[in-house]
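Beneath this line is the structure, given in C-alpha cells, with notes to follow.
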Amino acid sequence: MSFSISGKTAIVTGAADGIGLSIARYLADQGANVMCADANEKKLMKSLGDEPEDGNIRTFAGDLRQRLTIANLISATIDAFEQVDILVNASRQFIVTDALDVEDTSVATLLDQNLMTALRLSQQVAKRMMKQAEDQPEGQIGSIINLCSITARQTHPDLMGYSIASAAVQQMTRSLALSLASHRIRVNAISFGSVMSASLKETVAENREWRDDIRSHTPLGRIAAPNELCGAIGFLATDNSAFMTGEVMVIDGGRSLLDVVKAPAH
C-alpha cells in the first residue's frame, strides 16, 4: 500500500482560485502531477500561468458543462502525464435562490454546474482509471473526491438551489462509490461549512453582518482558510483511506452541531 501521492496524477477543477487553487497547490507540493482546470482562463493564468512548463502543474481552461470539453481535459491530462489517478471535483457555483419565484432558473443552473458537471467528469475519469487497471492486477486504482456543503442538511430559504445541489452531490458520491467499488475506485466527499472561498470572500465583504453571524454560529468561532481542507484531501487521495468509500466527511468547525443556519452564506 502507498501512503504517498508522489508520482500520481490528479485533476482538480475550480482550480483558478480559492479552495480549488489551494488543493491543487497542496497536491503538487506533495509530489503529484496536477492538471488544474477552470472555466475562467484569465484567472487561471493569473494564478498558475507562471508555472514552469516542465514542472508538475499544468492548466486547462474550458467550460466543463460541455461533454467535449471534459473529453479534451482528460486527453490533455493523459498527454501531459500519461495517466490519471485522482479527481477532485472542487468547482462549485453559488447563487442566491428565490424559492417562490417560478421564473428563477438558479436551481437548474446549480444542478448543472455543481452536480451534473461533477458526475459526467467522474464517469469519464473512472473509465480512464479502469482502462489503466488492465495492467494493475491489485490495489486501488483511483480516488474521486467531491466537494459539497453542509447546506445539504442545514439550509436557509435563500440557499434552496445550493442546498439541493449539495444534497445531490452527496447522494451521487454514495451511488458512484457502490458502482465503482468492484473496479477498485473509491469515491468520497467533503462537506464543508464556512470556508473563505472566493465567492464567500466577496459576500462577507459586502455584508459584515453575515461574517459576524457565520462566526457566531460556528463553535470554533471563525471562518476556515481554504488550505484547511487540504489535509482531508490528502487523506482521501492516498491509501491512508484505502478501506473508505461512499463517505461524506464534515469539516465545518462544529457548525453542523447546531440546529439552524441563519446566515444566507456558505
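Computed per residue of the chain from DSSP H runs no shorter than four, each worth -39500 (n - 2.57), the mean residue ellipticity at 222 nm is -12000 deg cm²/dmol. Computing FRET efficiency as 1/(1 + (r/R0)^6) for Q83 and L119, where r is the C-beta to C-beta distance and R0 is 22 Å, gives about 0.50.
Once you have a ≥ b ≥ c as the square roots of the Cα gyration tensor eigenvalues for segment 37-149, tell me rounded if a/c is under 1.5, and otherwise prolate or oblate according to whether a/b is larger than b/c. Here segment 37-149 falls in the oblate category.
Under 5 Å from the amide H of F192 lie the amide H atoms of C148, S149, I150, I251, each residue being 5 or more positions distant or on a separate chain, with H modelled from the backbone and absent for Pro and chain starts. Simple spin-label estimate for S175 and E209 gives 3.9 nm between the two label positions (7 Å along the Cα-to-Cβ direction from each Cα). Using R0 = 25 Å, the C-beta based FRET efficiency linking V96 and R65 works out to 0.75. In summary, the helical segments of the chain meeting the span-like criteria, namely a full DSSP H run, a Cα extent along the axis of 27 angstrom or more and a mean Kyte-Doolittle hydropathy of at least -1.0, are 160-180.
For the chain, a simple Cβ point-charge model (Lys and Arg +1, Asp and Glu -1, everything else neutral) yields a dipole of about 380 debye relative to the Cα centre. Projected label points at L220 and Q132, each 7 Å from Cα along the beta carbon direction, are separated by 3.0 nanometres.
No lab work stands behind these numbers, since they all come straight from the coordinates. As the structure is a prediction and not an experimental result, all values here were calculated from the model. Glycine gets a Cβ as well: all are built from the backbone with ideal geometry, and neighbour counts include every protein chain shown.
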